[in-house]
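The values are calculated or read from the model by the stated rules, or taken from the named source; none is laboratory data. Predicted model, so just to flag it, every value in this text is computed and none were measured. No Cβ is skipped: glycine too gets one built from the backbone with ideal geometry, and neighbour counts run over all protein chains shown.
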Ligand code: DC
């Protein structure tokens, strides 16, 4: 069996609100790997664009403006005392801000800009250079780390995913309706799967997981089994 001396890369891709971040974070913590939420990076760029009036009232980004701003956008992750990570945008903790519906509603068109993707993919590849990483997103197994040793593609119905996101947002005190959240999920699925640049799709060698009726514990056990099988190969 391999040890941590031979760390691997684990790619977790899937639809929005499929629970991939929770699963990737828990797996990383169980096996002592670093966890990176690539969606947070697209959200941070979106927050920057919103705050600098680079997104019109119609939701369409000023593509040239966003591309020109890319060199000014610095994204980091700050590890908290409890082990969680907060997304930092130009030195400011934006973890809460990037989860708001204002950002969720604006992020897909930003993530569809090829230059934004190229810049973030390069950062993601640098973060994974020493391996020992679990990264979640949409194109991690297909574009960012096509050579990842373990690739998981998470699926669940749009309703299940909207229900989860709705509950999460209520707990955080957001004033949203289930219908708004479902509409956002369906809309993002559409943009994420139909965009020209690296659309969301399952890598041929990814293992599919429909976690609609799985408990967190069952999911943890399944992931650990996949990890153990992979490192034993
Ligand atoms: O996982 P999330 O919902 O936080 O992702 C936010 C947005 O970023 C989502 O609309 C898809 C996009 N995204 C992407 O295009 N590629 C990734 N690797 C991660 C996220």
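Restricting 54, 27 to residues that are modelled with pLDDT of 95 or more, crowded, with 23+ Cβ neighbours inside 10 Å and under 27 Å from residue 199 (Cβ atoms) narrows the list to 27.
How many residues does the range 8-64 hold that are in a loop (DSSP other than H, G, I, E, B), in contact (Cβ under 8 Å) with a residue 24 or more places away in the chain and out of contact with any helix residue (DSSP H, G or I) (no Cβ under 9 Å at 6 or more places or on another chain)? Walk me through it before giving the result.
Quick first cut of the range 8-64, residues in a loop (DSSP other than H, G, I, E, B) only: 8, 15-19, 32-33, 52-54, 56-60, 62.
Filter again for in contact (Cβ under 8 Å) with a residue 24 or more places away in the chain, leaving 8, 15-19, 32-33, 59-60.
Checking the rest, the ones that are also out of contact with any helix residue (DSSP H, G or I) (no Cβ under 9 Å at 6 or more places or on another chain) come to 32.
Of the residues in that region, 1 qualify.
Scanning the range 141-157 for residues that are surrounded by fewer than 22 Cβ atoms within 10 Å (Cβ to Cβ) and either over 23 Å from residue 185 (Cβ atoms) or without any contact (Cβ under 8 Å) to a residue 40 or more places away in the chain (or both) gives 146, 147, 149. Would you check if there is a residue in the range 54-63 being closer than 21 Å to residue 139 by Cβ and within 14 Å of the ligand (Cβ to nearest atom)? Yes, the range 54-63 contains a residue that is closer than 21 Å to residue 139 by Cβ and within 14 Å of the ligand (Cβ to nearest atom). Scanning the range 195-211 finds no residues that are part of a helix (DSSP H, G or I), at negative phi and modelled with pLDDT of 90 or more.
If we only count helices (runs of 4 or more DSSP H) wholly inside the range 69-185, which ones have 3 or more residues that are more than 12 Å from the ligand (Cβ to nearest atom) and within 26 Å of residue 219 (Cα to Cα)?
So the answer is 158-171.
Scanning the range 164-171 finds no residues that are surrounded by fewer than 16 Cβ atoms within 10 Å (Cβ to Cβ), touching a helix residue (DSSP H, G or I) at 6+ places or on another chain (Cβ under 6 Å) and closer than 25 Å to residue 76 by Cα.
Scanning the range 9-37 for residues that are away from the ligand (no atom under 11 Å from the Cβ) and on the phi > 0 side of the Ramachandran plot returns a single hit, 32.
Among the residues making up the range 120-140, those that are touching a strand residue (DSSP E or B) at 6+ places or on another chain (Cβ under 9 Å) and surrounded by 19 or more Cβ atoms within 10 Å (Cβ to Cβ) are 120, 124, 128, 133, 134, 135, 136, 137, 138, 139, 140.
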